1. Residue by residue through region 125-179, note down the ones that are charged (D, E, K, R) and buried (at least 16 other Cβ atoms within 10 Å of the Cβ).
2. (1) farther than 28 Å from Arg190 by Cβ; (2) touching a residue at least 40 places away in the same chain (Cβ under 8 Å): which one isn't true of Glu285, the others all being true?
3. Would you check if there is a residue in region 20-33 being within 23 Å of Gly131 (Cα to Cα) and of a type outside the set (Val, Ile, Thr)?
4. Name the pairs whose Cβ atoms lie under 6 Å apart, with the first residue in region 126-137 and closer than 21 Å to Gln92 by Cβ, the second modelled with pLDDT under 95 and assigned to a loop (DSSP other than H, G, I, E, B), and 6 or more positions between them or separate chains?
5. Name every residue in region 309-332 that is within 19 Å of Arg189 (Cβ to Cβ) and either surrounded by 14 or more Cβ atoms within 10 Å (Cβ to Cβ) or within 22 Å of the chain's Cα centre (by Cα) (or both), in order of residue number.
6. Go through region 55-85 and give me each residue that's of a type in the set (D, E, K, R) and under 23 Å from the mean Cα position of the chain (by Cα).
Amino acid sequence: MTPDGSAAGRAFSDVERAAMRRAVTLARRGLGTVAPNPVVGAVILDPNGRTAGEGWHRKAGGPHAEVHALRAAGSRAEGGTALVTLEPCSRQGRTGPCTQALLQAGIRRMIYAVPDPTLSGEGATALRRSGIEVRSGLLTEQAAEANHAWLTAVVTRRPHVTLKLATTLDGRIAARDGSSRWITGPPARRDTHRLRARVDAIAVGSSTVLTDDPALTARTAAGRPGARQPVRVVFDRRLRTPARSRLASDGAAPTWILTTRPAADHALGSAEPVTIGSGPRYLTEALHTLYDRGIRSLLVEGGATLAGALLGEGLVDRVIWYSAPRLLGQDGAPAVRGLDVPSCAGAPGFRVLGVRRVGEDVRTVLEPDPVRGK
């Protein structure tokens, strides 16, 4: 047996690797539609190693990936192999346990990529005790990346936070006269809308609402089956969001105003005030509140003060930075404010996950690196 209890023995076959790659691709289809659940993909191979069925988790409360795949496979699943990106669930929720569905279908072998941190191995153990060969660890890194937001959220009990920056080469987001549209080009802006469509919520600070009056909608979501607009969140301690602002008046998506003040005397239009404690852990408490409301992935788009506060408190899990080949000079508005970094030795460090060109701009994906930050 391997350290995690999965069956040892022969290496994974090329057919199994290809099937798991397909399962990871299928899992990504659930981004933006399944919260607060994880994205999961599944492929069923018949006893001869041919694909019999495939599926993915499409929406919270609906059938899980394994069930969709088993339904597609029908009787061809008997005696076959199930490949799933996440350890199958073993508990009754809004749907039945997937372990039971796999057993009833006559699956003889199950391979999963990533253990479910909420199960403590229960799913794999239940199948193993019923005589199914269980193996894990196939394409673990790829499957975990597809599900990185949910995996982070269920461990930290707060949403996975992605900070999106769109700046000039010298890190500016607006010119001296306050103008900021458009720093990046159309391809980068389209890419941002695709990013928005894959998260549960989009957040800004109140100053961004007052300055830019953003809509914070995902234009690409309308064309995706089962997609919905992400929740719009405003970090607004002092309740400065105007009732006439688009976020509070257009009804395009739910809007939550995170505030430390009573909202009874404030007109907030269709926006919903959410009262948070006013202590020094305001941001942490706000994120835990969002988690309790079902938000597992949060995209923060502005402004500079909110970005600095989140970075300063170590609450950013990923940065997506669009850099435009332009300069705005020392009088331009910086992308991050209020971050106290007295020396290079204490500067927050990041690991580069990927760099690619988007039109004339450059898109860099980073995540905090504690080693580089020392």
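1. Of everything in region 125-179, those that are charged (D, E, K, R) and buried (at least 16 other Cβ atoms within 10 Å of the Cβ) turn out to be Arg128, Arg135, Arg158, Lys164, Arg172.
2. (2)
3. Yes, region 20-33 contains a residue that is within 23 Å of Gly131 (Cα to Cα) and of a type outside the set (Val, Ile, Thr).
4. Note: pairs meeting the criteria are Ala126/Ser90; Val134/Ser6.
5. Passing the criteria: Val319, Ile320, Trp321, Tyr322, Ser323, Ala324, Arg326, Leu328.
6. Scanning region 55-85 gives Arg58, Lys59, Glu66.
Yes/no per residue for (1) over 13 Å from Gly302 (Cβ atoms); (2) assigned by TED's automatic domain parsing to the domain that holds Glu272; (3) within 18 Å of the chain's Cα centre (by Cα):
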| residue | (1), (2), (3) |
| --- | --- |
| Ile173 | no, yes, no |
| Arg176 | yes, yes, no |
| His193 | yes, yes, yes |
| Val199 | yes, yes, yes |
| Val209 | no, yes, no |
| Leu216 | no, yes, yes |
| Arg228 | yes, yes, yes |
| Leu239 | yes, yes, no |
| Ser249 | yes, yes, no |
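Residue-by-condition table, conditions (1) modelled with pLDDT under 90; (2) of a type in the set (Val, Ile, Thr):
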site	(1), (2)
Ala201	no, no
Asp213	no, no
Thr217	no, yes
Thr220	yes, yes
Pro225	yes, no
Pro242	no, no
Arg261	yes, no
Pro273	no, no
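The values are calculated or read from the model by the stated rules, or taken from the named source; none is laboratory data. In this text the structure is predicted, and so the values were computed from the model without any measurement. Counting neighbours? That spans all protein chains shown, and the Cβs are built from the backbone with ideal geometry, glycine included.
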